[in-house]
Structure formats: structure tokens, C-alpha cells
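Report on the structure given below.
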Amino acid sequence: MTDPNTDPNKGTRAEGRTATGHLDRRVAVKTLLDMQGDVLIVAGLAGAKGDVVAAVGDDPRVFGFGGAMGAAASMGLGLALAQPNKRVIVVTGDGELLMNVGTLATIAVANPSNLGIICVDNEHYGETGFQRSHTGLGTDLAVMAQGGGIGAVRTVRETAELEDAGEMLRNSNGAAFVLLKVAVNEPPKMRTVWDASWHKNRFREALLGHP
């Protein structure tokens, strides 16, 4: 049987692939977050949460997910709508966003001016065993975000592009989306507390501005 990935009569999937990135994910996420000032952060699963912890430390303004794959962008949207006077940044991965990619359309329709999304795309599912994700086979989440109606979208492949992307996240008058094409590797694991009630209560206290 002919391999559909290499059949010359059908073309190759590689022709439509998004080129693998080479950004250092920890450096890229920290650079963008450092530019945002005082924000609430929703951190997705696996590497994305580790990227946030590495960038800002054990900060009570971070609500980190564990086990709820696909929920980070939806959580960020709800938080942004409920807290219109606070800026919200979602940091998620390509695998997690693919689980609930329709949220991008909902975000575009609601279009909260205080919501920014950073998608860390290493083309793999870091939470479930580092299997290859769709973004390594031609799916472009930035194109999907733009097609869903989000007006402020950037794909970052080079370190020099981070400043422009960070400015867009901070100053956009509608929802903003940044796709970071990072190197294909598993970042070092970060220690975290897995008590969901503890995270919820600490985040709520930070949100209300008192211990």
C-alpha cells in the first residue's frame, strides 16, 4: 500500500506543513509576559504551565490547570468578561488548544479588549506522552484564530519578533492571539501544587486584592 504521506501522485503533507520552530519556549513566554505588566494569567496544561511558573514564579495571580485539557482559553474568556477592568493572558499549548479550538470563534465574537492568548506550539501533545500534534502536519492555529474572527494575530518564529507581538498583546483594542513556534523538545518539569481548591482560593484572594 502506498504511503499517503509520500505518494507522488497525491503530493506530500510536508508541502502544507507549518515549519517547525526553534524559539526557546521558556525565554519566549517570559519575554512576552514581562511586557504585560499587572495581569491575571490562566496557564494551561503541561509545558504551558511550566513556562508560566518559570517566567513569574509562584505568583497568586496565576490560575494553573491540571487535567482539564482544552479548558484554558474558555476559562480566560470567562475571566476577561467577568473582570473587564483587569487584563487577562492565557498561556496554552497547541495540543490543548486543538482540544477546544472552537473557542477561538467564541472569543472572536465576544472580542474582549482585555484578553490575550499565547499559544506555545511545539507540535506535540506534552500532556499525554509527547505524541505529534496536528500542527506538525499542516494545521496552523494562527490561521484558524484569524479565520475565526480574531483581528489581532501574530505568528512568532524569531526572537526579534517578540517585541512586536508583546506590544500587540498589551495594546490591542480587541482579543489578541500570538502563536509561538518553539523548538520541539520537552522543557524541564516544574514542581507544582495539585490541590485544585488551594489554587482556586489563592487566585480568588489575588483577584479581590486581599489575603
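Laboratory data are not the source of any read-out in this text; all were calculated from the coordinates shown. All figures in this text were calculated on a predicted structure; none of them were measured in a lab. As a convention, Cβ positions derive from the backbone with ideal geometry for all residues, glycine included, and neighbour counts pool all protein chains shown.
Magnitude of the charge dipole for segment 20-206, about its Cα centre and with charges confined to Cβ atoms of Lys, Arg (+1) and Asp, Glu (-1), is about 400 debye. Using +1 at the Cβ of each Lys and Arg and -1 at the Cβ of each Asp and Glu in the chain, identify which of GLY148, PHE65, VAL182 lies farthest towards the dipole's positive end. Farthest towards the positive pole: PHE65. Under the convention that each Lys and Arg Cβ holds +1 and each Asp and Glu Cβ holds -1, the size of the dipole of segment 102-211 around its Cα centre is about 360 debye. Contact order for segment 20-206, expressed relative to its length and based on alpha carbon pairs under 8 Å spaced 6+ residues apart, stands at 29 percent.
Of the two radii for segment 131-211, the radius of gyration is 1.07 times the Kirkwood radius, both from the alpha carbons; that is the Rg over Rh value.
Rounded to the nearest 20 debye, the dipole magnitude of segment 37-119 is 200 debye, with +1 charges on Lys and Arg beta carbons, -1 on Asp and Glu beta carbons, and the Cα centre as origin. Considering only beta bridges that DSSP places wholly inside segment 20-206, some 5 percent are antiparallel. Among VAL193, VAL91, the ranking by other beta carbons within 10 Å of each residue's beta carbon, starting with the fewest, stands as VAL193, VAL91.
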